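Novice: Pasting in a structure now, in structure tokens, and then I'll have a few things to ask.
The values are calculated or read from the model by the stated rules, or taken from the named source; none is laboratory data. In this text, all values refer to a predicted model and were calculated from it rather than measured experimentally. Heads up, the Cβs are rebuilt from the backbone with ideal geometry, glycines too, and the neighbour counts pull from every protein chain shown. Please note that ligands, DNA and RNA were not included when accessible areas were found on the heavy atoms of the full protein model with its side chains. Shrake-Rupley method; radii C 1.70, N 1.55, O 1.52, S 1.80 Å.
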Amino acid sequence: MRKLSGIFLVGLCLGAVGAVVITARHDVPAAPAPLAVAEPLTTMSDSPVNTPTPTPGKSATPSKSAAPESAPKVETAELDRLMPSGTASAVVFDRQSGATTASVRAERGYTSASLVKLLIALAVLDGGGPTASVQKMLSRSDDELASRFWSAYGGPAIVTRWATKLGLTGTRPPADPGRWGDTRITARDVVRIYQYLLEHAPGAIMAALRDATERGSDGFRQYFGIPDAAGGRPWAVKQGWSCCRPTRVLHTSGVVGDGDRYIVVVLSEHPASVDYAAGSKRVTAIVTALLG
């Protein structure tokens, strides 16, 4: 992340003051016109800045830096350079400033894969379900538990209810009621889910995301994207992966930084010919660019 720095020159007699602000640079090839930062996502509470006291875990380290950090803006052309085939969307929301620092194809729809487990978890805990099992479903991305909860707590109605409650404009239940992973989502909506999780949801959900295991319950390595790109910064994540109906899907979502400062969401679709290892590297490269 790039640091905002101010240089103040004080003359003995004149008292002049000057400041220099350094902003991010982007390389812009000739393809689609770059999309600068979209309209800011507002927080879901009355306060424009939301930095709750962090709970123990991978993103609980208090900030020690003397100057604030700012995530760089990433434009469409740069994102496309990192995705030579397929499509990706990305949104970064700075909870300290209350503004979106990067937004590319924020409204494009994707199948959710395991990201819908965030809504399933909300439904289960709201209905008085077992906290420990919900945390296991999230931290290990356990599909068996997700299927069990999906059936027991309303199936597609889970998506409809929570999309309405959270104001998710691009989130839809799956066409096949039994396939929870085919729920439709957008990057902008996933950011709103995290705003709710951080401000209003039971702490057990974020605790589970801080304790995400390196391997999911199916053996898949789920530290691509945010964990691999965090560079020692604290993080909490929910990941998603699936193939091939007809594309390979890899999603990384969560928070990065002291006090859960940045909500980061990258959704991606790759041709089925791009294997999981290659797709994971692409997503990690995108998050690296987003974090600077």
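Novice: If you go through segment 256-282, how many residues are touching a strand residue (DSSP E or B) at 6+ places or on another chain (Cβ under 6 Å), not in a helix (DSSP H, G or I) and not aliphatic (A, V, I, L, M)?
Specialist: Here the count works out to 4.
Novice: Additional query: Does Gly170 satisfy the condition of being part of a loop (DSSP other than H, G, I, E, B) and either open to solvent by 40 Å² or more (accessible area, probe 1.4 Å) or among the aromatic types (Phe, Trp, Tyr) (or both)?
Specialist: It is false that Gly170 is part of a loop (DSSP other than H, G, I, E, B) and either open to solvent by 40 Å² or more (accessible area, probe 1.4 Å) or among the aromatic types (Phe, Trp, Tyr) (or both).
For every residue, the table says whether it meets (1) open to solvent by 10 Å² or more (accessible area, probe 1.4 Å); (2) under 22 Å from Arg108 (Cβ atoms).
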| position | (1), (2) |
| --- | --- |
| Ala207 | yes, no |
| Thr213 | yes, no |
| Arg248 | yes, yes |
| Asp260 | no, no |
| Tyr276 | yes, yes |
| Val283 | no, yes |
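Novice: Yes or no: segment 186-193 includes at least one residue that is open to solvent by 50 Å² or more (accessible area, probe 1.4 Å) and either polar (S, T, N, Q) or out of contact with any helix residue (DSSP H, G or I) (no Cβ under 6 Å at 6 or more places or on another chain) (or both).
Specialist: no
Novice: Exactly one condition in (1) under 24 Å from Thr288 (Cα atoms); (2) surrounded by 20 or more Cβ atoms within 10 Å (Cβ to Cβ) is false for Phe149; which is it?
Specialist: Unmet condition: (1).
Novice: What are the pairs with Cβ atoms under 8 angstrom where one residue, in segment 144-164, is farther than 11 Å from Ala121 by Cα and the other, located anywhere, is acidic (Asp, Glu)? Sequence gap at least six, or different chains.
Specialist: That search, which allows pairs on different chains as well, returns Ala163/Asp189.
Novice: Being at pLDDT 95 or above, touching a Ser or Thr at 6+ places or on another chain (Cβ under 6 Å), of a type in the set (D, E, K, R) and under 20 Å from Ala90 (Cβ atoms) narrows it down to one of Asp189, Asp211, so name that one.
Specialist: Step by step, each of Asp189, Asp211 is checked, and only Asp189 is at pLDDT 95 or above, touching a Ser or Thr at 6+ places or on another chain (Cβ under 6 Å), of a type in the set (D, E, K, R) and under 20 Å from Ala90 (Cβ atoms).
Novice: Further question on the same structure: Can you go through Ser253, Ser242 and tell me which one is open to solvent by 30 Å² or more (accessible area, probe 1.4 Å) and in contact with a strand residue (DSSP E or B) (Cβ under 6 Å, 6 or more places away or on another chain)?
Specialist: Only one candidate qualifies: Ser242.
Novice: Quickly run through segment 175-213 and pick out the residues that are in a loop (DSSP other than H, G, I, E, B) and free of Cβ contacts under 8 Å to residues at least 40 places away in the same chain.
Specialist: The initial filter retains those residues of segment 175-213 that are in a loop (DSSP other than H, G, I, E, B), namely 175-179, 183, 186, 200-202, 211-213.
Correct list: Ala175, Asp176, Pro177, Gly178, Arg179.
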